[in-house]
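Handing you a structure now.
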Amino acid sequence: MAEILQYVHKDAFLHRLHPYTKIAFIIVMSIMCIMATNLVFLTLMVLALLVLAAYSRLLVELLQQLKLILVMSVIFILITIITMPNGDILGYVIPQGVPFIGGFIPLTTGGVMIGLVLTLRFMILIFAFQLFLISTQPRDLVHAMEKMGLPIDYILMFIIALRFIPTLQIEGQRIHEAQLARGFNPGTGFVGKIRSVAPIAIPLVSNALLRSNVLGLTIDMRGYRNGKRTHVRERVLAYRDYAFMGVLVVASCGFVVLLLVHLI
Amino acid sequence: MIELTNVGYTYPHTVQPALHRITLSLEKGRCVMVTGPSGAGKTSLCLAASGILHHEYGGKKEGLVAIDGKDVNEYCSLSDLAQNVGVVFDDAEAQMIFTTVEEEILSALEHRGLSAAVIEERLSGIMKTTYIEELKDRSPHNLSGGQKQRVALAATLALGNDILILDEPTSELDEHATRRIAGILKDLKDQGKTILLIEHKFGQFREMVDALVVMEHGMITAQGIPDDVLKDDRLRAMVLPDFSKVKKNLHTAVTSEPVITVQNLTHNYGKIEALSGISLTIRKGEFVAIVGENGSGKTTLVKHFNRLLSPTTGDVIVHGRNTRDCSIVSLACYVGLVFQNPDHMFFADTVREEIAYGVKNLGIDDSDAVIDAALRDAGLEESADLYPRWLSRGERQRLGIACVVAMQPSVIVLDEPTTGLDGNEALLVINILKKLQEKGHTVIIITHNREIAEHCADRIIMMEGGKILSDTGGA
């Protein structure tokens, strides 16, 4: 089963970076991809992320998200074609030859362009966050976020939300099987679909609520919220962090210049 | 170390007290085991003895709980209590917050105000005592049940407290994994730890238990040296169930028609071969027990009987039809599967509606009569209008069986039907299954309990590493 957003234990470039460096990295990537509208520039950013992933031996994990991205990109492009017709007409979604309904929904260059830009932005954001989460141990993440002054309760909430994704996936699968064995028939039509949710969702949520009770007690009994902590195996900013941040600064400056001269 | 005097407790919004006049004393370096039917208040006792009840729960509290000679109300918070008591809850998965085993234990150690050097030393010591060194970089959802329990125990040990309270740490484990936990606890006791253990499997922990406490209906009905307590026949049946009186089916089923035929079945999960070259025939009216350790392929095998899994190679024939050509729903009329954890299926508002769900799905005529019969068979007539999740574990297990029985499949498959039950409850389940067999159903159970397999089943299939190691029925 594909593990969504789970830390992958490895010893490679991104894993060795300090969480701060990686947080700076995703912030820079997010701002750049939101501000840039140039297709070539966005494509280069995607390529850069893929190179970074390959260098950090995380390419396989990253490409597991490709299916989701493809589905989303089709939806994005369809929406922008329908809602943002602009520029030259390339053709029609429903061919003109079709009687009565033919010739509707023009396929415009503007619509396709915006769709592609959205897809690329989406891809960059997903890849960047994915790289960050799968290469950072939750413990380091907790420490970094604590030092940044975030309240511990919110940090734990964030960590736990990520940590229990695979557990819920597995549990959902088991519940689905148990209901199938009782002749559960995923309904047809809209009402059927809604009805078929209850036999799966109710046990899943009830069990999760029960579990959250134990989870909460565990957090307190282990003293995660007591505020005092011995610093063990603390990560320090190393030479490679400074080098990487240097690259980020140079890239950001270059980006600002490109923006000013209207190249992107 | 822990003193409970006349402790009573009633959960908010309920009338019936969960604990009633409990007086119990746990002395330093001793191990007390608490046992009793599900729903007797064992977990509530666990919460009361650790002080959690007084700090985290509302409801009506009576009596005194003292930990290390100090009234629990004098401790200012759970973190404060955690300086003295370590608790391992029954749900091991919920006690894992981080994504690798080592991280989990290290994080627990970090909050104890120790120096970095001591932390590193303790970390490796604890990983060694609990045999989890080789799991150090694994993530929780990739661990087996036994491994998860050991990690949860290790993270609690990291706190370094002298008092340990464990709530059914072996309920989902096979014999081998249980022995391992028992061994670890024995070592801890020898190191001087004080242990309060909630358990059903007295047999496995016999050596280390100094006192046995039996709880029923929120009260302690017996406590003392195990041998004294077990002199009482009624308690003995509860603690050490005797399955030898379950009568076996005398007329052998060898001549009757086959209901399930498995031919050279192989199943792969990705690259891992979970089943290889399984062939067997199960005949009408047989009572079959499938035994073997966790991960030997038992559950994978039975999931092929109703096509939750399809063979990678080979065939499964149910009632003369190849499962490849059948839908799961159509097979549900022939093969009913009761999963290990009944909580995975309950979603209705009442017990009756829960049973009706499967019956309606299959469009069975005269559904009311069928549901009544299933309730009667499972001994749940009086609970028909209750909310399923309010039932005790034993009752929920029987409800799980009733849900499947009501669908009238000729073959009933049960995955670990006696998990988390005391002796009497387990016997009740077995007797229900025996009755079903008498009515002509074929019963297949997966079980860790060797006694149940030996005394109740007509045929034992032993599995190991995805293969059938032995089969007393012969194919």
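How about the range A:167-264: which chymotrypsin sites (Phe, Trp or Tyr not before Pro) there lie in a loop by DSSP and see at most 15 other Cβ atoms within 10 Å?
Within the range A:167-264, no chymotrypsin sites (Phe, Trp or Tyr not before Pro) qualify (loop, at most 15 other Cβ atoms within 10 Å).
I need the peptides B:370-383, A:54-67 ranked by packing, meaning the mean over residues of other C-beta atoms within 10 angstrom, with the highest value on top. Walk me through the numbers before you get to the answer.
Details: B:370-383: 17.8, A:54-67: 14.7.
Taking the mean over residues of other Cβ atoms within 10 Å, the ranking is B:370-383, A:54-67.
Reported to two decimal places, what Rg/Rh ratio describes the protein assembly as shown when computed on Cα atoms with Rh from the Kirkwood expression?
Working: Rg = 29.6 Å, Rh = 29.1 Å.
Expressed as Rg/Rh, it is 1.02.
Which aspartates and glutamates, if any, have their Cα less than 14 Å from the Cα of B:K28, not counting same-chain residues under 8 positions apart?
Excluding near neighbours in sequence, the set is B:E3, B:D68, B:D162, B:D190, B:D210.
Take the Cα pairs of chain B, get the Kirkwood Rh, then feed it into Stokes-Einstein at 20 °C and 1.002 mPa s and tell me D in µm²/s.
Numbers: Rh = 24.0 Å.
It diffuses with D of about 89 µm²/s by this estimate.
Shifting gears a bit: To the nearest 0.05, how large is the calculated FRET efficiency for A:M148 and A:S30 if R₀ is 22 Å and r is the Cβ-Cβ distance?
On the way: r = 17 Å, r/R0 = 0.76.
So, using R0 = 22 Å, E works out to roughly 0.85.
Let me ask you something else. Under a point spin-label approximation (7 Å from Cα along Cα-to-Cβ), what is the B:D385-A:T188 distance to one decimal in nm?
Result for the modelled spin labels: 3.9 nm.
What is the magnitude of the charge dipole of the protein assembly as shown about its Cα centre, with +1 placed on the Cβ of each Lys and Arg, -1 on the Cβ of each Asp and Glu, and no other charges, expressed in debye to the nearest 20?
On the way: 69 positive and 78 negative charges, 299 e Å.
In debye, rounded to 20, the protein assembly as shown gives about 1440.
Could you point to the residue in B:I181, B:L240, B:L196 farthest towards the positive end of the range B:158-264's charge dipole, with +1 and -1 charges on the Cβ of Lys/Arg and Asp/Glu respectively?
Checking the options against the dipole of the range B:158-264, the answer is B:L240.
I'm checking a number: the convex hull volume of the Cα atoms of the range B:206-247, normalised per residue, in Å³. What is it? Before the final figure, lay out the partial values.
Details: hull volume 3.5 nm³, N = 42.
Convex hull volume per residue, Cα atoms: 82 Å³.
Okay, next question. What Kirkwood Rh does the range B:232-391 have if only Cα atoms enter the pairwise 1/r average? Answer in Å. Could you put the intermediate results ahead of the total?
Details: mean 1/r = 0.0534 Å⁻¹.
Every distinct Cα pair counted, the radius reaches 18.7 Å.
Which GluC sites (Glu not before Pro) does the range B:1-107 hold that lie in a coil by DSSP with at most 13 other beta carbons within 10 Å? Write down the numbers at each step before the final one.
On the way: sites: B:E3, B:E27, B:E56, B:E62, B:E74, B:E93, B:E102, B:E103, B:E104; in loops: B:E27.
Those satisfying the criteria are B:E27.
Could you list the square roots of 5 times each eigenvalue of the Cα gyration tensor of the range B:1-133, that is, the equivalent ellipsoid semi-axes, sorted largest first and rounded to whole Å?
They are 31, 17, 15 Å, listed from largest to smallest.
Okay, next question. Can you compute log10 of I(q)/I(0) for the range A:41-112 with the Debye formula, treating each Cα as one identical point scatterer, at q = 0.19 Å⁻¹?
With one equal scatterer per Cα and no solvent, log10 I(q)/I(0) is -0.83.
Right, next: Any idea what the dipole of chain B comes to, in debye rounded to 20, about its Cα centre with Lys/Arg Cβ at +1 and Asp/Glu Cβ at -1? List each step's numbers first, then the result.
Numbers: 48 positive and 66 negative charges, 201 e Å.
Around 960 debye, computed over chain B.
Can you pull a Stokes-Einstein diffusion coefficient for the range A:120-176 at 4 °C (1.567 mPa s), Rh from Kirkwood over Cα pairs, as a whole number of µm²/s? Show your work: numbers first, answer last.
On the way: Rh = 13.1 Å.
Rounded to a whole number, D works out at 99 µm²/s.
Which percent of the Cα-Cα distances in the range B:116-229 go past 19 Å?
Distances greater than 19 Å cover 50 percent of the Cα pairs.
Same structure, new question: Treating only the Cβ of Lys, Arg, Asp and Glu as charged (+1, +1, -1, -1), what charge dipole size does the range B:390-449 show about its Cα centre? Round to the nearest 20 debye.
Dipole of the range B:390-449, to the nearest 20 debye: 180 debye.
Next up: What do you get when you divide the Cα radius of gyration of the range A:37-77 by 2.2 N^0.38 Å, with N the number of residues?
Details: Rg = 11.7 Å, N = 41, 2.2 N^0.38 = 9.0 Å.
Normalised Cα radius of gyration, the range A:37-77: 1.30.
Something else now. Which value in nm describes the separation of the simple spin-label points at B:N322 and A:F104, placed 7 Å from the Cα toward the beta carbon?
Result: 4.7 nm between the two label points.
Could I ask something else about it? Of B:G86, B:L308, B:T43, which is farthest on the positive side of the dipole of chain B, counting Cα position, with +1 on Lys and Arg Cβ, -1 on Asp and Glu Cβ, and the Cα centre as origin?
B:L308
Suppose R0 equals 60 Å; then what is the FRET efficiency for B:D372 and A:I165 from their Cβ-Cβ distance, rounded to the nearest 0.05?
Numbers: r = 42 Å, r/R0 = 0.71.
Given R0 = 60 Å and the Cβ-Cβ separation, E is 0.90.
Could you work out the per residue convex hull volume over the alpha carbons of chain A, in cubic angstrom? Show your work: numbers first, answer last.
Details: hull volume 49.1 nm³, N = 264.
Roughly 186 Å³ of hull volume per residue.
Now, a different point. Which percent of the Cα-Cα distances in the range B:399-475 go past 14 Å? Mind showing how you got there, number by number?
On the way: 1880 of 2926 pairs.
For the range B:399-475, the fraction of Cα-Cα distances above 14 Å is 64 percent.
Another question about this same structure. State, to one decimal in nm, how far the label point of A:V205 lies from the label point of A:L50, with both points 7 Å from Cα in the Cβ direction.
Placing both labels 7 Å along Cα→Cβ, they lie 4.1 nm apart.
Answer with one residue from B:I52, B:F347, B:L164: the one whose Cα lies farthest towards the positive end of the charge dipole of chain B, charges on Cβ with Lys, Arg +1 and Asp, Glu -1.
Working it through, the farthest residue towards the positive pole turns out to be B:F347.
Using only Cα atoms, what Kirkwood radius does the range A:170-261 have, in angstroms? Display every interim value, and only then the final one.
Values: mean 1/r = 0.0518 Å⁻¹.
The answer is 19.3 Å.
What average number of partner chain Cβ atoms lie no more than 10 Å from the Cβ of the residues making up B:79-91? Intermediate values should be presented prior to the final figure.
Numbers: counts 10, 2, 2, 6, 2, 0, 1, 2, 5, 2, 7, 1, 7.
If you average over the peptide's residues, the count of other-chain Cβ atoms is 4.
Follow-up question, since we're still on this one. Going 7 Å from the Cα of A:N38 along its beta-carbon direction, which residues of the range A:231-264 have the amide nitrogen within less than 19 Å of the resulting point?
It comes to A:248-264, nothing else.
Just list whichever of B:K128/B:K148; A:K193/B:K284; B:K42/B:K186 have alpha carbons separated by over 27 Å in the model shown.
Values: B:K128/B:K148 15 Å; A:K193/B:K284 38 Å; B:K42/B:K186 21 Å.
Correct reply: A:K193/B:K284.
For the range B:1-53, which trypsin sites (Lys or Arg not before Pro) are both in a DSSP coil and crowded by at most 13 other Cβ atoms within 10 Å? Intermediate values should be presented prior to the final figure.
Numbers: sites: B:R21, B:K28, B:R30, B:K42; in loops: B:K28, B:R30.
The qualifying sites are B:K28.
Please report Rg (one decimal) and Dmax (integer) in Å for the Cα set of the range B:252-339.
Here Rg and the maximum Cα pair distance are 12.8, 40 Å.
Can you give me the three principal axis dimensions of the range B:96-156 from its C-alpha atoms, in Å, biggest first?
Per principal axis, max minus min of the Cα coordinates gives 32, 21, 17 Å.
On to the next question. I need the per residue convex hull volume for the range A:1-121, using only the alpha carbons, in cubic angstrom as a whole number.
Working: hull volume 16.0 nm³, N = 121.
About 132 Å³ per residue, rounded to a whole number.
Then there is this: Using alpha carbon centroids, what distance separates the range A:161-209 and the range B:363-400, in Å?
If you average the Cα positions of each part, the centres end up 22 Å apart.
Which whole-angstrom value gives the distance between the alpha carbon centres of the range A:45-76 and the range A:136-158?
One Cα centre to the other: 26 Å.
Do me a favour and compute the ellipsoid semi-axes for the range B:160-288 from its Cα gyration tensor, root of five times each eigenvalue, largest one first, whole Å.
Working: eigenvalues 322, 122, 24 Å².
Over the Cα atoms of the range B:160-288, the semi-axes work out to 40, 25, 11 Å.
Read-outs: derived from the displayed coordinates by stated rules, not from any lab. A quick note: this is a predicted structure, and the numbers were derived from the prediction, not measured. Cβ atoms come from the backbone with ideal geometry, glycine included; neighbour counts cover every protein chain shown.
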